[in-house]
Structure formats: structure tokens, C-alpha cells
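Following: one structure in C-alpha cells, then a few remarks.
The values are calculated or read from the model by the stated rules, or taken from the named source; none is laboratory data. What you see is a predicted model, and the numbers here were worked out from it, not measured in a lab. Glycine also receives a Cβ, built like all others from the backbone with ideal geometry; neighbour counts cover every protein chain displayed.
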Ligand SMILES: Cc1cc2nc3c(=O)[nH]c(=O)nc-3n(C[C@H](O)[C@H](O)[C@H](O)COP(=O)(O)O)c2cc1C
């Protein structure tokens with residue numbers, strides 16, 4: 001199985017999760033400015049909510065994906081209040097015909113002093129365990 005990890009971050013929280021996920025599956029976490037050129041079975045995609053939506057850069061990144069290269073997307077991320085970006089990401093993945101795995105990782109993310117320190121060490125450990133379970137490592 002081949003894996004890739006891409007993330008979008010504004011304040012660093014998603015990068016922390018992405019690094020934990022990437023280490024667990026033995027690849028490097030790269031920002032979404034880095035295109036997925038190779039064929040991968042699973043693309044772990046880290047993203048968050050900003051003003052009740054995913055960032056337009058994340059939307060454009062998903063739209064740029066080649067369904068012949070990406071087997072499926074596994075969503076992960078954090079948010080301060082909302083639960084998960086899954087539906088937003090799936091809506092874009094559907095448009096390009098890429099399957100979304102039903103499993104995802106989500107935790108609280110620090111925002112303006114709320115949920116201070118999140119994602120914390122426990123969150124990063126849980127993200128890594130989630131990635132290993134999904135990747136069957
Ligand atoms: C500009 C901005 C807008 C945000 N809007 C929301 C929001 O609408 N709902 C929510 O639950 N969290 C919101 N958050 C909180 C982020 O989703 C949360 O802090 C997340 O961990 C940020 O990830 P990042 O550091 O990788 O960007 C917002 C954060 C920022 C910086």
C-alpha cells in the first residue's frame with residue numbers, strides 16, 4: 001500500500017497532526033501546495049474549519065486531484081467548535097470521483113485561547129494509532 005499525507009494549516013495545529021499521521025505510515029507530511037504526483041492507495045488529508053467552511057485552497061486542492069492516482073481520501077483534522085469537515089471534503093471528493101473512507105480522525109484544536117494546547121500529546125498519539133489502523137500497519 002502507498003500513502004501520502006497532505007495538510008493545510010493556518011495556525012500549525014493540522015501540521016502537528018499531519019506529522020504524527022505521516023510518521024505512523026512512514027512518509028513525509030507535505031503542505032497541499034505539493035501536488036500528489038505519485039499513485040497512492042490512501043491520501044491522508046489534514047484540514048480544518050475556518051468560518052464554518054474548509055479553506056478555498058483545500059477545496060481547490062481536492063479538485064486538482066487525479067482519481068486515477070488517488071485510491072481514496074482519509075480525512076483528519078481539528079476544530080474549535082464544529083465536529084468535522086468530513087461532509088465538506090466529501091462533497092469535493094465526490095465531484096472528482098474520489099472515494100472517501102468513512103473513517104476519520106478529529107479532535108479539538110486550540111483557537112483564541114480555547115482548547116489550549118490541543119492537539120496535545122494524547123491527540124497526536126491517537127492520530128498516529130488511527131493512521132496505523134487505517135493503513136493496517
Ligand atoms: C480564521 C479562523 C477561523 C476559524 N473558524 C472556525 C469555525 O468556524 N469553526 C470551528 O469549529 N473552528 C474554527 N476555527 C478554529 C480552527 O478550526 C482550529 O483552531 C484548528 O485547530 C485550526 O487548525 P490549523 O492550526 O491547522 O489552522 C477557526 C480558526 C481560524 C484561525
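Among residues belonging to segment 10-37 that are buried (at least 20 other Cβ atoms within 10 Å of the Cβ) and out of contact with any strand residue (DSSP E or B) (no Cβ under 7 Å at 6 or more places or on another chain), point out the one that is farthest from residue 54 (Cα to Cα).
Result: 24.
Evaluate segment 59-79: report whether one residue or more is surrounded by fewer than 17 Cβ atoms within 10 Å (Cβ to Cβ) and closer than 24 Å to residue 112 by Cα.
No; the residues of segment 59-79 include none that is surrounded by fewer than 17 Cβ atoms within 10 Å (Cβ to Cβ) and closer than 24 Å to residue 112 by Cα.
Only residues in segment 115-130 that are over 21 Å from residue 47 (Cβ atoms) count as the first member; pair them with residues that are assigned to a loop (DSSP other than H, G, I, E, B), Cβ under 6 angstrom, at least 6 apart or cross-chain, and list the lot.
Final answer for the pair search is 116/110.
Within segment 99-114, how many residues turn out to be in contact (Cβ under 8 Å) with a residue 60 or more places away in the chain, farther than 15 Å from residue 7 by Cβ and outside any loop (DSSP other than H, G, I, E, B)?
Matching residues across segment 99-114 total 1.
Of the conditions (1) closer than 26 Å to residue 120 by Cβ; (2) surrounded by 12 or more Cβ atoms within 10 Å (Cβ to Cβ); (3) under 14 Å from the mean Cα position of the chain (by Cα), residue 53 fails just one. Which one is it?
Looking at each condition in turn, residue 53 falls short on (3).
I'd like the full set of residues that are within 14 Å of residue 13 (Cα to Cα), surrounded by 17 or more Cβ atoms within 10 Å (Cβ to Cβ) and within 11 Å of the ligand (Cβ to nearest atom), limited to segment 81-122.
106, 107, 108, 109, 110, 111, 115, 118, 119 - these are the residues of segment 81-122 that are within 14 Å of residue 13 (Cα to Cα), surrounded by 17 or more Cβ atoms within 10 Å (Cβ to Cβ) and within 11 Å of the ligand (Cβ to nearest atom).
Looking at 137, 73, which one is touching a helix residue (DSSP H, G or I) at 6+ places or on another chain (Cβ under 9 Å), modelled with pLDDT under 95 and away from the ligand (no atom under 16 Å from the Cβ)?
Exactly one residue qualifies, and that residue is 137.
Return yes when residue 128 is farther than 18 Å from residue 55 by Cα and either over 14 Å from the mean Cα position of the chain (by Cα) or part of a helix (DSSP H, G or I) (or both) and no when it is not.
So residue 128 fits the description; yes.
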